[in-house]
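The structure appears below as structure tokens.
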Amino acid sequence: MKTLSIDVRRAEPDDAEAISEAHRAAWQHTYAGIIPHRPLTQMIERRDHNWWRKATRGPATLLVLDVAGTIAGYATLGLNRARALPQEGEIYELYLRPEYQGVGLGRMLFGEARRLLRSLGCKGLVVWCLEENENAAQFYRNHGGIDYCEGIESFEHRQLKKIGFIWG
């Protein structure tokens, strides 16, 4: 019998290529039909392996979900950027490659990101997602997030509403 290793750990510079691939797959799967094609493609291409290599050095913390040596997903987190909100921590991004979704790995990555923010002394947490990203919105509701505030993201000439979910 083989044992499958699943680990959430801090990203290392050598993970950059795999994170870039996970980012591309997750964003194409998640945002096709929501974010217009040209800005989506530009955002994905801007985050090549060099961009992710730099991201492993901060200022945000970058976690990876490692499933038997494959980077299945990632999360970025740090201090809350929305000064009007009292929550001190923020998960900026949390994405899984499509083939790893729906089996509890997102819950594992989210839980580790929350624990890390708490260990850094952050009281409360905010996560933003596009309103049209119904899977993400449902995920955060299922994990106790309160739909607390709204904002707007602009992509070319399209304005998309985003939802801010908060926890204690």
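Each of SER154 and GLU45 was given a label point 7 Å from its Cα along the Cα-to-Cβ line. The distance between the two points is 2.2 nm.
Scaling against 2.2 N^0.38 Å puts the C-alpha radius of gyration of the chain at 1.01.
The number of Lys pairs in the chain with C-alpha atoms less than 30 Å apart, excluding pairs fewer than 8 positions apart on the same chain, is 5. Pairs of Cα atoms nearer than 8 Å and 6+ residues apart set the relative contact order; for the chain it is 21 percent. Residue-wise HN-Hα couplings along the stretch 26-36, as the Karplus relation 6.51 cos²θ - 1.76 cosθ + 1.60 with θ = phi - 60° gives them from phi, are 5, 5, 4, 5, 6, 9, 4, x, 10, 8, x Hz; Gly and Pro carry x. Rounded to the nearest 0.05, what FRET efficiency is calculated for LEU120 and ALA68 with R0 set to 41 Å and r the Cβ-Cβ distance? The computed FRET efficiency comes out at 0.90.
No lab work stands behind these numbers, since they all come straight from the coordinates. Only a predicted model underlies this, so the values are computations on that prediction, with no experimental measurement involved. Don't worry about glycine lacking a Cβ; one is built from the backbone with ideal geometry, like all the others, and counts go over all protein chains shown.
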